[in-house]
There are 2 protein chains.
Amino acid sequence: MPKIVDHDQRRTEIVHALWEVISERGIEGVTFQAVARSAGFSVGRVQHYFASKDALVRAGCRELIDASAAVHAERTSRSQSPWEALAQLLMQPIPRSEELRLGAAVWYAYMARGVVDPAIGEIAREATHRGLEEASALLRRAGADESAAPRLMGLSAGLAQQVLLRAVQAEEALGLVREEIAALREG
Amino acid sequence: MPKIVDHDQRRTEIVHALWEVISERGIEGVTFQAVARSAGFSVGRVQHYFASKDALVRAGCRELIDASAAVHAERTSRSQSPWEALAQLLMQPIPRSEELRLGAAVWYAYMARGVVDPAIGEIAREATHRGLEEASALLRRAGADESAAPRLMGLSAGLAQQVLLRAVQAEEALGLVREEIAALREG
């Protein structure tokens, strides 16, 4: 009997291996060899799922956005208040622990790559717009001024950069987000 | 008579060519060939000044920080008020025009690279700390609460990212910085 191959599972494993490589070496460190080694697959098997390095890198970006949206949706459904959901949205890019650094570093690498790579830029721009709309919607639901959204999302992105560079402590950055939300709630 | 070669001038030309390459292709697009072509020099001449690609990339990071500090010092000396100087500091990473995008994109590429490259990370961290100290000092001089510095510098970095991704307009981002400073001045 032939072995049943779960293609979705394999594809997911390759994308996770890609993220590992990006978090360690940046997008410029991505090669089929490095991803195959990290996944424990042959280069040929990786190429069976992704025809080119660029296709793999772009697929990884879309998957990261979907994964991040799923985490956010799950957290948001659990938290009743729009303020709590807004806090989650703003804190998501800031890595709270070493484990969460991987996802945050990969996300940040994609954002930076988007500045010079038009295809990644389009995905990053879409994600940024979706984040801004989500923040506006939550502010509206909370009865607050939704024009605060670009400032809040900007602050979140910049604090994430500082924490990833280890220039600012995660706890300090998360505290600043909480203060910002507390000030909006009062005002 | 031998031709007099201005080595500092040549070195500067190579670094400017490096920045051009980074702004167009990211740090992963840097090769001796690409930099030589952009500078109009031979590869050998570039290698005479920089022994390795990494040495060139690192030198470009330090030069960018020095150039940015010089611009800031010059602008600050012209502006009398600490508030005005603070506005300049926060607006500097946000590209106001297409021409200014080059410097901002290169700066941002270095920050992102710093997350995965320890040598660049150290330089980026130092620059971030210096920026935070500068912002604290200006707030102190203005008689305001200096604890606002991490929030302001975070906001500036995040807005720069959004403008570089063309997800937010430069004018909107600069307006947010001005509003933030106006609110601090009043409060």
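The values are calculated or read from the model by the stated rules, or taken from the named source; none is laboratory data. Here the structure is a predicted model, which is why all the values come from computation and not from measurement. Cβ placement follows ideal geometry from the backbone for every residue including glycine, while neighbour counts extend to all protein chains displayed. Surface accessibility is based on the protein's heavy atoms, side chains included, excluding ligands, DNA and RNA. Shrake-Rupley method; radii C 1.70, N 1.55, O 1.52, S 1.80 Å.
Screening the candidates A:GLY114, A:GLY131, A:GLY175, A:GLY121 for the property of being free of Cβ contacts under 8 Å to residues at least 40 places away in the same chain, facing another protein chain (nearest Cβ under 10 Å) and buried (at least 22 other Cβ atoms within 10 Å of the Cβ) yields one hit, A:GLY114. Just one residue in the set B:PRO93, B:PRO82 is within 10 Å of chain A (Cβ to nearest Cβ), open to solvent by 20 Å² or more (accessible area, probe 1.4 Å), over 23 Å from A:GLU171 (Cβ atoms) and not acidic (Asp, Glu); that residue is B:PRO93.
When you look at A:LEU89, is it in contact with an Asp or Glu (Cβ under 7 Å, 6 or more places away or on another chain), of a type outside the set (Phe, Trp, Tyr) and modelled with pLDDT of 90 or more, yes or no? Considered against the rule, which asks whether it is in contact with an Asp or Glu (Cβ under 7 Å, 6 or more places away or on another chain), of a type outside the set (Phe, Trp, Tyr) and modelled with pLDDT of 90 or more, A:LEU89 comes out as yes. Looking at A:GLU63, is it under 19 Å from A:ASP6 (Cα atoms) and charged (D, E, K, R)? For A:GLU63, the condition - under 19 Å from A:ASP6 (Cα atoms) and charged (D, E, K, R) - is met.
Tallying residues that are without any contact (Cβ under 8 Å) to a residue 24 or more places away in the chain and aliphatic (A, V, I, L, M) within the range B:156-165 yields 1.
Output yes when any residue across the range B:142-163 is more than 30 Å from A:ARG25 (Cα to Cα) and of a type in the set (D, E, K, R), and no when none is. Checked against the condition, which is being more than 30 Å from A:ARG25 (Cα to Cα) and of a type in the set (D, E, K, R), the range B:142-163 yields at least one hit. The residues of the range A:20-46 that are part of a loop (DSSP other than H, G, I, E, B) and either in contact with a strand residue (DSSP E or B) (Cβ under 6 Å, 6 or more places away or on another chain) or open to solvent by 30 Å² or more (accessible area, probe 1.4 Å) (or both), listed by number, are A:THR31, A:GLY40, A:PHE41, A:SER42.
Looking only at residues in the range A:24-57 that are of a type outside the set (A, V, I, L, M) and at pLDDT below 90, the one that is nearest to B:GLY26 (Cα to Cα) is A:GLU28. Would you please name the residue that is surrounded by the fewest Cβ atoms within 10 Å (Cβ to Cβ), looking only at residues in the range B:142-155 that are in contact with a Ser or Thr (Cβ under 9 Å, 6 or more places away or on another chain) and touching a residue at least 40 places away in the same chain (Cβ under 8 Å)? The residue in question is B:ALA142. Summed over the range B:156-167, the residues that are within 7 Å of another protein chain (Cβ to nearest Cβ), among the aliphatic types (A, V, I, L, M) and open to solvent by less than 10 Å² (accessible area, probe 1.4 Å) give a count of 3. Remark: pairs (first residue in the range B:17-30, more than 9 Å from chain A (Cβ to nearest Cβ); second residue β-branched (Val, Ile, Thr) and open to solvent by 30 Å² or more (accessible area, probe 1.4 Å); Cβ separation under 9 Å; 6+ apart in sequence or on different chains) = B:VAL21/B:THR31. I'd like to check something: does the range A:54-65 contain any residue that is free of Cβ contacts under 8 Å to residues at least 40 places away in the same chain, part of a helix (DSSP H, G or I) and open to solvent by 40 Å² or more (accessible area, probe 1.4 Å)? No, the conditions are met nowhere in the range A:54-65.
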